[in-house]
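Asker: Take a look at this one; I'll ask things after.
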Amino acid sequence: MRLRFRTVLPLLDMVCLAGPAHARMEQAPSTCAVPAELPAPLASWRNPAALKGATDRKGAARSVLEPGKTVTMALSPTPKIDYPVRPAKPGGSVSFGGLAGFTVREAGTWRVALGSGAWVDVVKDGEAAPSVAHGHGPDCSGIRKMVDYDLKPGRYTLQIAANGEDRLTLLVTRLP
């Protein structure tokens with residue numbers, strides 16, 4: 001079966017037009033007229049403090065996250081990070097990461113909320129804690145990703161990997 005040029009041309013136009021239109025739909029900006037109301041565990045999200053992420057375990061002991069307090073963490077290029085545990089998705093040489101320590105005083109489910117899709121691990125004694133749930137933040141909140149962990153009292157290292165920018169807003173909080 002031979003297709004004539006006049007038959008093929010309209011099909012090519014449809015294919016060419018579908019691509020860019022589809023891309024425009026995916027990139028459409030969010031239309032949030034009002035920021036989302038946040039539940040109590042996420043209440044500090046809109047008031048982040050600055051924190052410089054560490055590049056190794058020793059530095060993570062000095063770069064301290066206070067549970068329940070949101071920070072915007074300054075990150076370093078991935079090749080400069082000495083992760084305590086190799087992240088499952090470490091990112092490439094043009095991505096960013098960082099480390100910070102935090103203390104769990106009460107056992108329970110703890111949430112890490114992130115403003116991007118970066119990879120996150122919670123590490124203790126050389127092992128990454130298994131996550132128990134994943135989700136997205138409320139629409140119009142700026143929270144892109146949330147990961148939950150069942151944690152016991154102790155000192156932990158939060159490691160961020162594969163972030164596309166050199167800053168990341170994040171929050172570690174205990175769920176009620």
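The values are calculated or read from the model by the stated rules, or taken from the named source; none is laboratory data. Quantities reported herein were computed from a predicted structural model and do not represent experimental measurements. Glycine gets a Cβ as well: all are built from the backbone with ideal geometry, and neighbour counts include every protein chain shown. Please note that ligands, DNA and RNA were not included when accessible areas were found on the heavy atoms of the full protein model with its side chains. Shrake-Rupley method; radii C 1.70, N 1.55, O 1.52, S 1.80 Å.
Asker: Could you quote the convex hull projected area for the stretch 82-142, Cα atoms only and averaged over all directions, in nm²?
Answerer: That works out to 5.5 nm².
Asker: Right, something else. Carbon and sulfur atoms: what percent of the 1.4 Å accessible area of the stretch 102-150 do they account for?
Answerer: Carbon and sulfur atoms account for 46 percent of the accessible area of the stretch 102-150.
Asker: Counting only heavy atoms of the protein chains, get the accessible area per residue of the stretch 57-102 (1.4 Å probe) and round it to a whole Å² value.
Answerer: Numbers: 2340 Å² over 46 residues.
I get 51 Å² per residue for this part.
Asker: Local charge sum around residue 125 (other residues, Cβ-Cβ under 14 Å, Lys/Arg +1, Asp/Glu -1)?
Answerer: Numbers: positive: 57, 124, 152, 155; negative: 121, 127.
Here the charged neighbours net out to +2.
Asker: Placing +1 at every Lys and Arg Cβ and -1 at every Asp and Glu Cβ, with all other atoms neutral, what dipole size does the stretch 46-166 have around its Cα centre, in debye to the nearest 20?
Answerer: So the magnitude is around 220 debye.
Asker: Calculated FRET efficiency, residue 37 and residue 136, Cβ-Cβ r, R0 22 Å, to nearest 0.05?
Answerer: Details: r = 16 Å, r/R0 = 0.72.
E between residue 37 and residue 136, to the nearest 0.05, is 0.90.
Asker: Along the charge dipole of the stretch 59-148, pointing to its positive end and built from +1/-1 on Cβ of Lys, Arg, Asp and Glu, which listed residue (102, 119, 132) has its Cα farthest out?
Answerer: Of 102, 119, 132, it is 119.
Asker: Can you give me the convex hull volume of the Cα atoms of the stretch 112-176, divided per residue and expressed in Å³?
Answerer: 96 Å³
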